[in-house]
Amino acid sequence: MAITEPPKILTSRLAFEDSHRLERYLATGGYQGLRKALAMTPEQVAAEVDAASLLGRGGAGFPAGRKWSMLRKGPIPYLVVNGDESEPATFKDHVLVERDPHQLVEGVVIAAYALQVARAFIYLRGEFALGLERVQGALNEAYAHGALGRDIFGSGFSLDIVVHPGAGAYICGEETALLESLEGKRGFPRIKPPYFPAAIGLYGEPTVVNNVETMSNLPWIISNGAAAFTALGEGRSTGTRLFALAGHVRNPGVYELEMVKTTFRDLIYAPVLGGGILHGRELKALIPGGVSAPWLGPEHLDVPLGQDEVAACDTMLGSGSIVAMDDHTCVVRAAWRITHFFWRESCGQCTPCREGGGWLEKILRRIEGGAGREEDLDLLMDACDNIAPGVSWPPQQTTICVLGPSIPSSIASAIRMFRDEFLLHVKEGACPHG
Amino acid sequence: MSHLSEDVLARARELVGLYPHPRSALIPICHLAQEQDGWLRPEAITEIADMVGLTPAEVLGTASFYDMLHTEPVGRYLVSICTNIACMLRGAYDLLEHAEQRLGVRPGGTTEDGLFTLEDAECLADCGRAPCLQVNHRYFGNVTPEAFDQVIDDLTAGRLDSEVPTHGTLIRVRREGGLRVDGQQIAEERAAMAERRAEAAGGGGGGA
C-alpha cells in the first residue's frame, strides 16, 4: 500500500519554532474556524461535527458527535478535556499541548459553543509542566485577543476555560476518575451505570469529556467542512490520526497519517516514517494501541491503521500508539514490565485488579528470573481468567473500570504467541536473552 | 503567621475562586505548596485544608493517592527515570542502574547532600526520545549514561537553573484575564447547585 501524502490537519504548524504563540497561529489561519462557528447556530456546529464522524481519539474511539448528543439538558453543563495522557508509549497529546496549544483552545471554544457550555476545564497530566505553561499562555493570549472570555468576537457567547493539573496517576485518564480528581478527590473510577458523564458528571452535573486530539480536530473540521474530513480515511475511520511510534524503530516519533490508508508495515518500515527496525533486526511483535491492547505479530504488518480494521484482529487501535519489539526482545520481560505498570497504577478499589495484578506481576518476575515452574503458565492464565473471564477481546469485566481487564492483554498475547520462550525460561532456569 | 508564603496564599486563593466547588483547587494548591517546600509539610496540609474547607486528614487522603504529591521530603532535584516499556526497550534499566551508581542511592532515595532524589517512573509520554527522564518535571530525552552525568554535573553547578526550576509544576503558570473576577457567576453557580441538591434530597427522596 502506498503512503499517501499526509494531509496536515493537526500538525501543520509544528515546523515553526513559535508554533505555540498567537501571532503564528493567526498567521496560519488560527481562530477562523471559531469565527465561522460563531456565525452558525450551536446546533449547526454540532451537526457538522456529527457529520464528520469524528471518532474520539483518547482510546475508546466513541463518536464525539454522539457523545455530545447525549448531554442532558441542564442549567449548568460542563465540558472537560482529557489531557491526562498516561497510556504507556502514547505521546501525541504531549506534542499537541506543547506545540499547538491555540489549536486545542480554539477546538474547546468551538465545542463549548456547540454544547452551550459556559465553563470548560482542560485536565492535563501534572508531569506536563511545559504543557501547562503553554496552554495557560495560549489561554491568556486568547482572552486578550477576544477569542475567549466575555462576548467572544462580539457574538454574545461567553466562556471561561481553566487549565487543571493532575498529580501523577494513570487511572485519572479514565473519565470518571478524572472527574473525581478534578473535584479534588482520589482518582477512583465511578461505578457504572451511568456509563457516560453526560447525565451525571462533574459535581453531579451533565458533563462532556473529550480527548485533547479530538478537540484539536475541530477548528479544521469547521473551517473546511465535514465533507472534507470524511473524504479522508475510510468507513468509520475518518480524517487523520496522530500515531505515536515507539520502541525498536530507527525513527520513533509522532506521525500524522490519513486513517486506513497506511499499514503497520508502512508506519514501521517506510523511510519517511519509522525507517525500519533498529540495527537491521527483525520485528518480533508489536503492540498496536497502547499497552492495554493485545499484541500483533509480523503476519499482521499489512493491516491498515483504521479503527475497525485493527479491531478485526481482536485488538484495538486504542490511543494510536504503536510499540515495535525486535527479535532480541525478551517477551516475558516485556509482559512483566507492562503488568508491573498496571499493578502499580491500580487504584485499589476492586479485588481482581488490586490483588490479581500483584499475583501476575510476581509470577512473571519469577519466570523471567529463572525460578519459574511449568505450571506457572496455567497459573498466569487462570489468574487472568479471574480478572477478565474468558480472557477474550474485548475483555469481560469484573471491575469498576477497564484497568484491571486490560492486564491480561499482554500476558495472554505473550503466552499465545511465544509459549516456547516462556518454557525455555523455566527449563533453563534463566532468561535466554541474558 | 502562616507557614505558606503570602505569594503562595494569594495564588491559592485565586485558584479556589476558579472552581464551582473549592475542593477542586486542592491538587493545584498542593503543587503550589511543593513549590515552596518541595513536599507537603504537615503545616502546609493544615493550611490547605482550611482553604478548601476540609480536614487535614482529607487533604492527606487525597494527596497520598498521587505520585507527584510527596508526603516526605525530597531533594532539590527530583530525577524521574522512565522505565516503562518504550524506554525499557531502549535501555532504561541500564540508565537507571547507572543513575543509582552515580548518585549512590536506590529509587526513592535522596543523596546525603539533599540535592537529588531518584525515582523509577512510569511512562512520561516522551517515548519518541526514549530513554527519557524528567528533573522536576522538565524533560531530557535520548539520555545516554554520559548525557546523564552531564545533566547531574550541570544541575550541581547551577548551569540548568533556567531550564529546571525548583519544585512545582505550576511554578511558571500564571493566569491572566478570564472571568475569574466574576465572583458573582461562581456564587450563582454554587447556589443553583446547592438548591438542586437540596431539592433532590428533600423532594425526590423517600425510596430508602
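The values are calculated or read from the model by the stated rules, or taken from the named source; none is laboratory data. All of these numbers come straight from a predicted model, not from anything done at the bench. FYI the Cβ positions are ideal-geometry reconstructions off the backbone, even for glycines, and counts take in every protein chain you see. Surface areas here come from the heavy atoms of the whole protein model, side chains and all, with no ligands, DNA or RNA. Shrake-Rupley method; radii C 1.70, N 1.55, O 1.52, S 1.80 Å.
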Worksheet entry | Other protein chain Cβ atoms within 10 Å, averaged over every residue that makes up B:20-26 | 5
Worksheet item: Put a dot 7 Å past each Cα toward the Cβ at A:Asp378 and A:Ala27; how far apart are the dots in nm?
Response: 6.9
Worksheet item: Taking the simple approach of a point 7 Å from Cα along Cα-to-Cβ for both B:Thr46 and A:Ala312, what is their distance in nm?
Response: 6.6
Discussion item. How large a share of the accessible area of chain B, in percent, is made up of carbon and sulfur atoms when the probe is 1.4 Å and the other protein chains stay in place?
Written reply: 51
Worksheet item: Which FRET efficiency value, to the nearest 0.05, do you get for A:Gln397 and A:Gln116 by plugging their Cβ-Cβ distance into 1/(1 + (r/R0)^6) with R0 = 25 Å?
Response: 0.15
Worksheet entry | Percent of beta bridges antiparallel (DSSP, segment B:77-156, rounded to nearest 5) | 55
Worksheet entry | Lone cysteines, chain B (no partner Cβ under 4.7 Å) | B:Cys30, B:Cys123, B:Cys127, B:Cys132
Worksheet item: Taking 0.36 nm per residue of separation and subtracting the Cα-Cα distance, what length does fully extending A:Met40 through A:Asn251 add?
Response: 71.7 nm
Response to the item:
Filtering GluC sites (Glu not before Pro) in segment A:199-287 by DSSP loop and by at most 14 other Cβ atoms within 10 Å leaves A:Glu282
Worksheet, complete the sentence: To the nearest 0.05, the calculated FRET efficiency linking A:Met417 and A:Leu301 through their beta-carbon distance, R0 being 22 Å, is 0.95
Item to complete: Rank-order A:318-327, B:133-142, B:149-158 by packing density, defined as the average count of other C-beta atoms within 10 Å over each peptide's residues, highest first.
Response: A:318-327, B:133-142, B:149-158
Item to complete: Straight distance only, please: which lysines reach the Cα of A:Lys36 with their own Cα at less than 22 Å, same-chain residues fewer than 8 apart left out?
Response: A:Lys8
Worksheet item: Helix A:101-115 versus the longest principal axis of chain A: what is the Cα-based angle in degrees, 0 to 90, to the nearest 10?
Response: 70
Response to the item:
Expressed as a whole number, the average count of other chain Cβ atoms within 10 Å around the Cβ atoms of B:87-98 is 3
Discussion item. I'd like the antiparallel share, as a percent to the nearest 5, of DSSP beta bridges with both residues in chain A.
Written reply: 45
Worksheet item: How big is segment A:232-326 by Rg and Dmax over its Cα atoms, in Å?
Response: 11.9, 37
Worksheet item: Hey, what did chain A get for relative contact order, percent, Cα under 8 Å, at least 6 apart?
Response: 16
Worksheet item: Among A:Gly59, A:Asn82, A:Ala47, whose Cα sits farthest toward the positive end of the charge dipole of segment A:21-140 (+1 at Cβ of Lys/Arg, -1 at Cβ of Asp/Glu, about the Cα centre)?
Response: A:Ala47
Worksheet item: Within segment B:76-92, what residues put their amide N at less than 11 Å from the label point 7 Å along the Cα-to-Cβ vector of A:Asp327?
Response: none
Worksheet entry | Helix-only [θ]222 nm of chain B, DSSP H runs n ≥ 4, -39500 (n - 2.57) each, per residue, nearest 500 | -13000 deg cm²/dmol
Worksheet entry | Positive-end residue, segment A:240-361 charge dipole about Cα centroid, Cβ charges, pick of A:Thr315, A:His300, A:Gly275 | A:Gly275
Item to complete: Give a quick list of chymotrypsin sites (Phe, Trp or Tyr not before Pro) in segment A:156-231 that DSSP marks as loop, anything other than H, G, I, E or B, with at most 15 other Cβ atoms within 10 Å.
Response: A:Tyr195
Discussion item. Is there a quick way to get the dipole size of segment A:232-326? I mean about its Cα centre, with the Cβ of Lys and Arg at +1 and of Asp and Glu at -1; what is the value in debye to the nearest 20?
Written reply: 260
Discussion item. What does the structure give for A:89-102 when I average, per residue, the other chain Cβ atoms found within 10 Å of the residue Cβ?
Written reply: 3
Worksheet item: Given a Förster radius of 60 Å and the C-beta distance between A:Ala47 and B:Tyr93 as r, what FRET efficiency does 1/(1 + (r/R0)^6) yield to the nearest 0.05?
Response: 0.70
Response to the item:
Calculated from DSSP helices alone, with each H run of at least 4 adding -39500 (n - 2.57) and the total divided by the residues of chain A, [θ]222 nm to the nearest 500 comes to -11500 deg cm²/dmol
Discussion item. Can you tell me the length gained on complete extension of the stretch B:Arg138 to B:Asp154, counting 0.36 nm per residue apart and subtracting the Cα distance?
Written reply: 4.3 nm
Practice prompt. Take each of the peptides B:14-27, B:89-102, average the number of other beta-carbon atoms within 10 Å over its residues, and list them starting from the highest.
Written response: B:14-27, B:89-102
Worksheet, complete the sentence: The helix A:403-417 Cα axis meets the longest alpha-carbon principal axis of chain A at an angle in degrees, between 0 and 90 and rounded to 10, of 50
